[in-house]
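To start, the structure itself, in structure tokens.
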Amino acid sequence: MNSFELDAEEEMQAQLLKFCNKICGERAQQYLTVAIEKHLPNCLNFENACVLFFEQGKLFTTRCEKDDEERLLVQRFIELPRTLGLTGKCLQERAMVVSTYGKSDTLFNSQVDNILKLKRLENIMIIPLFVDHRNGRVLYNDKSKDMELVGILHLINYKMGDITKIEEVRDEIIE
């Protein structure tokens, strides 16, 4: 290995730094959403990501498209049902949900679990995001059940092996 080659861990750290740099530069929600959905999957070895927001008891997302001058425009805000599918289970349990069956999962609901309208959805990890107002940290776990739910992250089609080894996958993502 020469001094310019990165090993797998260094490459992942470099990808995460690039991702952080990109999202820190975004000031509007639609640009932030696009940046997260575009860059986060590569950092975490997934093919796709989708960001959902939870505010004032409503679950919603934004879908963006580009105009003729390649500027991003918000296509629309999409309000989603809170009780359907794997996403509904994540909301009700306030805990991460993983499905190795993807579209074949009996709880899967394409309206809330496949917002990106992917043809191939083999597995999905749905992570609730909480904010701890005492310190401003965003967490994926609300053991005390008193933190505010602010969003949900869908990570779709894990690329690095078996997603059933959830402890390893979760630890890799959360770290």
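Computed from the coordinates by the stated procedures, all read-outs in this text should not be read as laboratory data. As the structure is a prediction and not an experimental result, all values here were calculated from the model. Positions of Cβ are backbone-derived with ideal geometry, glycine not excepted, and every protein chain shown enters the neighbour counts.
Based only on other Cβ atoms within 10 Å, what is the fewest-to-most ordering of 160, 125, 96?
Listing 160, 125, 96 from fewest to most nearby Cβ atoms yields 160, 96, 125.
Please list 145-153, 129-137 highest first by mean number of surrounding beta-carbon atoms within 10 Å per residue.
Working: 145-153: 15.8, 129-137: 12.4.
With the highest mean Cβ count within 10 Å placed first, the list reads 145-153, 129-137.
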Hey, fewest Cβ within 10 Å first, where do 99, 104 land in order? 104, 99
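What's the FRET efficiency of residue 120 with residue 94 using the Cβ-Cβ distance as r and R₀ = 35 Å, to the nearest 0.05? Numbers along the way, then the final one.
On the way: r = 29 Å, r/R0 = 0.83.
Computed FRET efficiency for residue 120 and residue 94 comes out at 0.75.
Could you pull out the pairs from 117/159; 38/58; 89/117; 89/119; 18/103; 18/117 whose alpha carbons sit more than 29 Å apart here?
Working: 117/159 19 Å; 38/58 24 Å; 89/117 20 Å; 89/119 22 Å; 18/103 31 Å; 18/117 27 Å.
In this structure, 18/103 exceed 29 Å between Cα atoms.
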Taking 30 Å as R0, compute the FRET efficiency from the Cβ-Cβ separation of residue 10 and residue 31 and round it to 0.05. 0.60
Which whole-Hz ³J(HN,Hα) couplings does segment 109-115 yield from phi under the Karplus relation 6.51 cos²θ - 1.76 cosθ + 1.60, θ = phi - 60°, glycine and proline marked x? 9, 4, 5, 10, 9, 9, 5
Fewest to most neighbouring Cβ within 10 Å: what's the order for 76, 63? 76, 63
